[in-house]
Structures are given as structure tokens and as C-alpha cells.
Amino acid sequence: MELLSSKFHNTQPTTRLPHLRLPRWRHIALFAAVAYTLYCYLFSLPLFAHPLPQHTGPYTVGTIDIEAAVSPDHAIEPDIRFKTTGNSAFELETVLFTLYYPITYSDNNNNNNRATAQPRRHPWIPAPLSLRAQGYAKAAHINNWLANALFTVIIRALVGSITIPAAVDAPLIDALTSDKPASPQQVPPSQNRGHPVIIFSHGTVSSRTDYSHFAGELAARGYIVAMLEHRDGSCPGTIINAPNKPPRPLLLFSHTEVSFPNHTTPTIETFHAAQLAFREAEIEETVHVLKRINAGDGPFLSTSNPRSEGTTLSTWKSRLNTNVMLIAGHSYGATGALQSLRGGPTPTRPFAGAILLDPGKSSGPLNTDVRVPLLVVHSNTWSSQSSLFYGGRAHFDTVRDIVTDNLARGNPSWFMTSLGTSHPSVTDAPLLEPWLLSFTTGATIDVYQGLRQYVHVAEDFVWLVLGDGEMRGLLGERAEFPAYEAGWGFGVWKPGQGGGEREGGEWWDWRRYWQIHVSPVG
Ligand SMILES: *[C@@H]1O[C@H](CO)[C@@H](O)[C@H](O)[C@H]1NC(C)=O
């Protein structure tokens with residue numbers, strides 16, 4: 001934006017016609033709109049975002065927004081306060097998450113079983129859209145009324161009509177059907193112990209809706225996913241509805257906006273540590289709410305839910321496996337998920353395994369106190385762009401050592417790179433704007449294929465941890481690349497090469513999509 005405006009400004013003096021002068025922002029907006037339209041026309045692209053695709057698993061997906069009061073509300077790192085208001089920056093009043101879960105069995109070959117009535121859906125950008133737009137503008141360091149208005153208009157035009165293809169408040173499936181599954185392996189594990197639960201933590205400048213397709217795909221395979229929205233200053237815009245208080249909008253904020261009582265600004269490291277502590281508290285609170293739902297507290301959580309959803313939670317009593325859960329996260333969220341394994345599993349953090357997608361490069365040191373199975377997946381660009389990490393080591397080596405050491409302690413663990421993908425590949429962004437994301441992030445893989453690869457390996461890991469311990473699919477393969485090797489990048493390895501004995505099977509061309517760096521398979 002800045003580049004664009006200065007360029008425009010520099011060309012003005014020679015050609016300026018005084019009577020045609022428009023305010024500069026109109027020129028910029030006009031220029032951007034014309035350039036974008038022209039681009040779409042030249043490359044035969046749709047002007048607006050693609051709708052989110054239907055899920056591919058055997059079950060239809062339901063969704064519920066839950067916001068639950070934390071009792072008593074309390075501040076995490078109470079000394080860190082906003083400079084403007086003097087209020088605590090890390091005040092934990094409520095926890096907010098979206099549930100994605102299976103609702104009815106539907107054979108993919110026979111769509112008659114799918115619900116025919118059009119169910120209510122969540123918008124991809126929760127209301128008010130302007131709050132989110134303001135957060136994005138702030139993230140781009142151009143937070144003023146003009147930029148906010150412009151962002152609101154652009155975001156509304158691009159993704160304002162996008163909805164998440166999951167039925168709001170539909171009843172949880174009675175039992176995971178085993179008579180007609182798409183494949184025998186697709187019946188999720190631990191039915192007798194209740195539905196398996198995965199808690200997911202988002203990255204920075206993200207929210208609970210940014211990973212809706214990944215979460216929905218797991219729900220369509222029989223799992224229950226609780227997608228958190230963090231109030232630690234990393235969400236572009238969120239509203240906190242604490243009991244007996246007016247709604248409190250919270251925008252993205254940085255360490256420069258807060259201070260200690262002695263008026264010093266915390267270092268970025270101190271700020272990150274506080275954010276991670278806040279995230280950990282939110283994760284524990286989510287576990288607590290899920291346990292309450294399982295204990296039969298659904299009706300109360302529904303009637304006290306400021307989001308006015310959850311009328312079907314009354315039927316969730318004793319239906320979840322809340323004794324053992326999985327934690328997952330992306331980027332900053334992966335750093336937080338790893339941290340939540342510290343000293344665990346415990347009743348407040350009952351995580352029997354963790355899925356870490358692109359663990360953060362600048363969100364603080366990575367926790368090494370782990371005693372449960374780990375699946376670490378790097379996107380291609382996360383592995384290929386090497387960066388120095390805490391203690392001066394390469395980030396990749398630090399991550400590999402955590403996985404290798406955990407494996408040596410007897411916990412099945414994997415570290416792998418998903419070829420052709422980039423950092424946002426697991427989010428909804430590439431599904432909505434494929435060309436924009438490929439262009440700006442260097443992803444070369446088909447966006448649907450990229451996400452599907454993530455879903456497959458995540459599902460296999462959930463099966464291993466909460467199911468029967470079987471290392472199926474990719475998890476049964478040997479580590480052939482101790483280091484990431486650019487030469488073997490996406491598309492170089494053709495189907496069937498090296499995997500002859502199982503040619504034609506589900507994973508026979510997995511080498512096109514993966515490099516495995518650490519695996520328990522010898
Ligand atoms: C201000 O307070 C913080 C937190 O108590 C402390 O870490 C920091 O050293 C203090 N700075 C000064 C200059 O006293």
C-alpha cells in the first residue's frame with residue numbers, strides 16, 4: 001500500500017490536471033480495483049473468493065460457537081497493562097471456541113442421506129466484519145479511519161458472503177456408523193470411550209474460522225474439533241462477552257501497546273511468554289468446558305452462551321472421550337500446543353499426543369518437556385527457508401532434535417515436510433484465493449491436494465494415539481531424509497518410484513508429497 005501510494009505520488013507532478021484532482025486515496029483505490037479486475041480478466045479468474053468446498057469424509061459436519069465465562073475471571077500476568085486504558089492486557093474473562101463434529105452418516109456414493117433442508121451456516125468472517133477489517137489494517141500498520149473503511153469494503157466484497165459449510169446446532173451423530181463406512185479404516189477409534197476430541201490453537205493474525213476446512217474434514221471423519229479463538233492479542237478482532245459486562249471488542253495488539261507499572265515496555269520475549277501463558281490458560285479452560293458438556297452441563301452452557309447457540313448440547317452427556325484428548329496447533333498455536341504438553345498429561349491438560357504444524361520461528365523457545373507421541377509437519381517453505389533460532393541453531397535442527405529425543409524416550413514421533421506447500425496451506429486462505437496465495441507464498445501444490453495431505457496424516461496420527469496404536473499410512477514409512485532436500489521437491493518424484501511393492505495402494509505415490517525426516521520405523 002505504501003509503495004503503491006508513493007509511486008503514484010511521484011508520477012503526479014508532470015501529468016496533474018488541477019481540475020481533475022481527486023483525493024489521493026481514491027486514486028489508490030481506483031488503481032487497485034482496476035488492476036485487480038484486469039488481472040482477473042486476463043487470467044480468467046473469478047473476481048471474488050471461491051466458496052469453501054464441501055467436506056470429503058463419510059459424515060456430515062455440524063458446528064456450534066461456544067463462549068463460556070471463566071469463573072472467577074482473572075488476569076494472566078496482571079502487571080502487563082494497556083498504556084491507553086491502564087486495564088490488564090491479559091484478562092481471562094471468557095473462553096471462545098467453535099466445535100466441529102459429525103452429525104449424520106452419509107455415504108458419499110449416495111447423497112440421498114444428506115439433509116435436504118438448507119441448514120443455518122456461520123459466516124466465514126464473524127459479525128461485525130468491520131472489526132476484523134480493522135484488525136487486518138492494524139496488522140498491516142495502516143490503522144486509521146480511512147484504511148479501516150477501505151479494508152472493510154474490500155474484505156466485504158471479497159469474502160463477505162463466504163459461509164462455512166457446516167450445519168449450526170445440528171444434533172451430534174448418535175453413534176459412529178460402522179455398517180456402511182467408506183472404508184473399514186474410516187470408523188474412528190474409541191467409540192466405546194466416547195467421541196475423540198482434538199483442541200486446535202491458531203497462529204498469529206488468525207481466528208477460530210481460519211482453519212474451518214481442516215477442522216471440518218476431521219469432523220467429517222468422525223472426530224470432534226474444538227477450534228479456539230485466542231484473546232491474547234493475536235486475533236485480528238474478537239469480541240469478549242463477559243457476564244454482566246458490555247461486549248468488549250479486542251483488536252490485535254503488540255508489546256509496544258502495553259507496559260509494566262513502572263512504565264517500562266516489556267521486551268518482545270516477555271510479551272510472547274505472557275501470550276503463551278494466556279493461551280495455555282485458554283486451552284485448560286476449553287478442556288474444562290468440554291468436560292462440563294460431557295458431565296451433562298450442556299443446557300446451562302447453552303442458555304448462558306452469549307453466542308446463542310448450543311441448544312443440542314443437552315444430548316452430549318457422556319458422549320465425549322474427555323479423559324484423553326489431542327492438542328494441535330499451527331505456527332504460534334503449534335508453539336503453544338507444544339508448551340501445553342509440559343509436565344503432562346495432567347487432568348487439566350489431558351493430551352495424549354500433539355499435532356504441530358509449522359511450529360513458530362519467532363514465538364518463543366520450543367518446549368522440550370514432552371512424554372507423549374508427536375507429529376510435526378512442516379510446510380515446504382517452512383523447511384526450505386532456513387532461519388536461526390534461539391541459541392543460534394537452525395530452526396529445522398531444533399525441531400528435529402525435539403522429535404528425535406522424544407522418540408528416544410519411547411514415544412512414537414514423526415517429523416516431515418509436506419512438499420509444494422507454504423505456511424498458510426493448512427488454512428482456508430488458499431481455498432478462497434488460490435492464485436493470490438500461490439503468488440505471494442510460493443506454494444506450488446494444488447490447494448485441495450495440499451489440504452488433503454494434511455488431513456490424511458493428521459487422521460492417521462489421531463488413530464494411532466486415540467485408537468489402536470497402529471502406524472498406518474504415511475506413519476508406517478521410514479525416514480529417508482534426515483535433512484530437508486530441496487532437490488527432491490514437489491513434482492520431482494513420480495508416482496510409484498521406490499514404492500513398488502504397494503503400487504496402486506492409497507499411499508503408493510506419497511513421495512510426491514512428503515519428505516520424512518524422523519519416524520519410528522527403522
Ligand atoms: C519494571 O518492571 C518489570 C516487571 O516487574 C521488571 O522486569 C523491569 O526490570 C522493571 N524495569 C525497571 C527499569 O525497573
Original post:
Near the amide H of Leu92, under 5 Å away, which other amide H atoms are found, from residues 5 or more places off or on another chain, if H is placed in the peptide plane?
Top reply: His74, Ala75, Ile76
**OP:** Could you work out the local net charge near Asp297, counting Lys and Arg as +1, Asp and Glu as -1, over the other residues with Cβ closer than 11 Å to its Cβ?
**Re:** +3
Original post:
What is the calculated FRET efficiency for Asn87 to Glu480, with r their C-beta to C-beta distance and R₀ = 45 Å, to the nearest 0.05?
Top reply: 0.25
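Taking K and R as +1 and D and E as -1, what net charge do the other residues with C-beta under 14 Å from the C-beta of Ser201 add up to? Please report the intermediate quantities before stating the final value.
On the way: positive: Arg208, Arg231, Arg279, Arg349; negative: Asp210, Glu229, Asp232, Glu280, Glu282, Glu284, Glu285, Asp358.
Charge balance in the 14 Å sphere: -4.
Can you give me the % of accessible surface on region 221-300 that is carbon or sulfur? Probe 1.4 Å, all protein chains present, nothing else counted.
61 percent
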**OP:** Could you give me the percent of Cα pairs per 10 Å distance bin for region 378-488, shortest bin first, beginning at zero and ending with the bin that holds the maximum distance?
**Re:** 13, 38, 36, 13, 0
**OP:** Taking the dipole about the Cα centre of region 302-439, with the C-beta of Lys and Arg at +1 and of Asp and Glu at -1, give me whichever of Pro359, Gly410, Leu374 is farthest to the positive side.
**Re:** Gly410
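About the Cα centre of region 264-397, how large is the charge dipole given +1 on each Lys and Arg Cβ and -1 on each Asp and Glu Cβ? Please answer in debye to the nearest 20.
Working: 11 positive and 10 negative charges, 61 e Å.
Around 300 debye, computed over region 264-397.
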Original post:
Taking the alpha-carbon centroid of each part, what is the distance from region 335-360 to region 230-273 in angstrom?
Top reply: 23 Å
**OP:** For Asn321, enumerate residues with amide H under 5 Å from its amide H, sequence gap 5+ or separate chain, H modeled in the peptide plane.
**Re:** His195, Val197
Subject >> Relative packing of 86-94, 229-237, 285-293, which averages over residues the other C-beta atoms within 10 Å, highest first >> reply: 229-237, 285-293, 86-94
Original post:
Over what distance in Å are the Cα centres of region 366-400 and region 50-73 separated?
Top reply: 29 Å
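The values are calculated or read from the model by the stated rules, or taken from the named source; none is laboratory data. Please read these numbers as outputs of a predicted model, since none were measured by experiment. Because the Cβ atoms are built from the backbone with ideal geometry, glycine has one as well, and the counts that use them run over all protein chains shown. Ligands, DNA and RNA are stripped out before the accessible areas are found, and what is left, the full protein with its side chains, is counted by its heavy atoms. Shrake-Rupley method; radii C 1.70, N 1.55, O 1.52, S 1.80 Å.
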